[in-house]
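The structure appears right after this line, and notes come after that.
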Amino acid sequence: MLQREVRIAAVWAAALAAGAALSFFLLDRQTREAVYWLSQNPPVYSAVEVLTTFGKAGFLVLAIAALWLWGFLRRSSLIREAAVLGLAAQAVTGLLVWAFKLGVHRERPYVPYHLKGELTGGYGQSFPSGDAAAVFAFAFAASLAFPRARPALMAFAAAVAAMRVFRLAHYPSDVFAGAAVAAAGWGITALIAGRRDRCATRTGPSS
């Protein structure tokens with residue numbers, strides 16, 4: 001099953017990376033003004049505030065803990081494994097995100113609307129979106145536990161990630177790139193876990 005997850009992650013990573021490249025040329029600068037004015041609309045702003053919460057580390061850690069507890073109550077080793085791998089994927093994905101942020105140093109889209117002197121740190125850490133990466137990493141892990149819910153989980157992650165664009169915290173390509181990093185992080189995690197399981201299976205009978 002984990003081998004299948006590695007293949008799925010590779011396909012998602014390639015597709016999302018292509019989306020990031022296309023967005024860089026076709027969407028980023030062209031949509032900034034429209035997104036800015038739309039985001040000032042009170043109903044839109046309220047929806048953005050609510051959905052943005054689901055991409056934060058605190059919520060995702062609680063969601064992973066809830067997933068593990070559900071697996072414990074249901075006596076499902078698959079759900080518990082998905083929760084453990086989800087936590088590991090968050091760590092791997094986080095490291096990849098910060099490696100890109102430190103290397104790319106891209107200005108956030110809200111910077112033109114403020115004086116840099118008024119901004120706190122982080123205005124040069126737009127690429128890739130850490131929140132998008134985190135919520136997609138969770139969606140990949142939850143999809144291992146609930147395969148039939150994968151489309152809904154991915155759609156939810158996409159909605160949460162898109163809110164980072166409406167907050168002017170990220171360009172569309174940042175969000176695509178964050179999701180691609182999450183796919184890579186999940187693929188790496190599943191690959192390592194799969195190799196560990198195969199090693200344990202080979203050595204088990206002789207021990």
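The values are calculated or read from the model by the stated rules, or taken from the named source; none is laboratory data. Note that this is a predicted model, so its numbers are computed, not measured. No Cβ is skipped: glycine too gets one built from the backbone with ideal geometry, and neighbour counts run over all protein chains shown. Ligands, DNA and RNA are excluded from the accessible area calculation, which covers all protein heavy atoms including side chains. Shrake-Rupley method; radii C 1.70, N 1.55, O 1.52, S 1.80 Å.
Couple of notes before you dig in:
- 1.4 Å probe accessible area per residue over the chain, in Å²: 54
- Scaled radius of gyration (Cα, divided by 2.2 N^0.38 Å) that the chain gives: 1.10
- Within a Gaussian network of the chain (alpha carbon springs, distance under 10 Å), most fluctuating of R29, R108, R74: R74
- Accessible area of Y45 (1.4 Å probe, protein heavy atoms only, ligands and nucleic acids ignored): about 120 Å².
- For the chain, built as a Gaussian network whose Cα springs stay under 10 Å, the top-fluctuating residue of P151, P109, P172: P151
- Given +1 at the Cβ of Lys and Arg, -1 at the Cβ of Asp and Glu and no other charges, the dipole of the chain around its Cα centre is 680 debye to the nearest 20.
- Within the accessible area of the chain (1.4 Å probe), percent carbon and sulfur: 69
- When F59, F127, F25 are compared by accessible surface with a 1.4 Å probe, the order from highest to lowest is F25, F59, F127.
- Efficiency of FRET from Cβ geometry, R74 and R150, R₀ 22 Å, rounded to 0.05: 0.70
- Axial C-alpha extent at least 30 Å, average Kyte-Doolittle at least 0.5 - helices from the chain (DSSP): 2-26, 77-104
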